[in-house]
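Everything below concerns the one structure shown next.
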Amino acid sequence: MKRVLVVDDDPDILEVFQLALESENYNVYPLLSPRYIFKTIKEFNPDLIILDIMLNGMDGREVFKQLKSSPETDKIPVIMASARYKESYVSSQKYHPDDYLEKPFNMAVMIQKVNRLTEN
């Protein structure tokens, strides 16, 4: 069973991700804050990370940059998600994610992106 770490500061959105992904037989770890993301990655060993850009008190882009700068986590595919930023903005950054979800997102599209990146 593939493992997906979802980081979002909105518990309702975390629940939507979790229910949708678990219905597709993914093991999901919902994380409300990226504060312990590296500890969680070490323990959960995700095949994919879905990371919100606008996190309470933190910038998901900075967290993403840390993930891609670390040899322990740089190979894990990341889907960035945001209600505020367009895909063109995110892909124009120095570090760009493996894929992008604009909120609100279509559930089938989200599942398709996750399936592609985990080869599930």
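Readers should treat all values here as calculations from the given coordinates under stated rules, not as data from a laboratory. All values derive from a computational prediction rather than experimental measurement. With ideal geometry, Cβ positions are generated from the backbone for all residues, glycine too; neighbour counts draw on all protein chains shown.
Please report the relative contact order for region 19-84, taking Cα pairs under 8 Å with a sequence separation of at least 6, and give it as a percent rounded to a whole number. If you can, show how the numbers build up before the last one.
Details: 48 pairs, mean separation 21.2, N = 66.
Relative contact order comes out at 32 percent.
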Inset, instruction - Using a cut-off of 10 Å between beta-carbons, work out the net charge of the residues near Ser33 (Lys and Arg +1, Asp and Glu -1, Ser33 not included). - result: -1
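Can you give the net charge of the other residues whose Cβ lies under 12 Å from the Cβ of Asn56, counting K and R as +1 and D and E as -1?
Details: positive: Arg35; negative: Asp8, Asp9, Asp10, Asp52, Asp59.
Local net charge: -4.
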Inset, instruction - Over all alpha-carbon pairs of region 1-113, lay out the pair-distance distribution in 10 Å bins, whole %, shortest bin first. - result: 14, 53, 32, 2
Legend entry - Gain on full stretching of the segment that runs from Glu102 to Glu62 - 0.36 nm per residue minus C-alpha separation: 12.6 nm
Legend entry - Per-peptide average of other Cβ atoms within 10 Å, ordering 41-47, 102-108 highest first: 41-47, 102-108
Inset, instruction - For every other residue with a beta carbon closer than 12 angstrom to the beta carbon of Asp8, add +1 if it is Lys or Arg and -1 if Asp or Glu, then tell me the sum. - result: -4
Inset, instruction - Give the relative contact order (percent, whole number) for the chain; include only Cα pairs under 8 Å separated by 6+ residues. - result: 23 percent
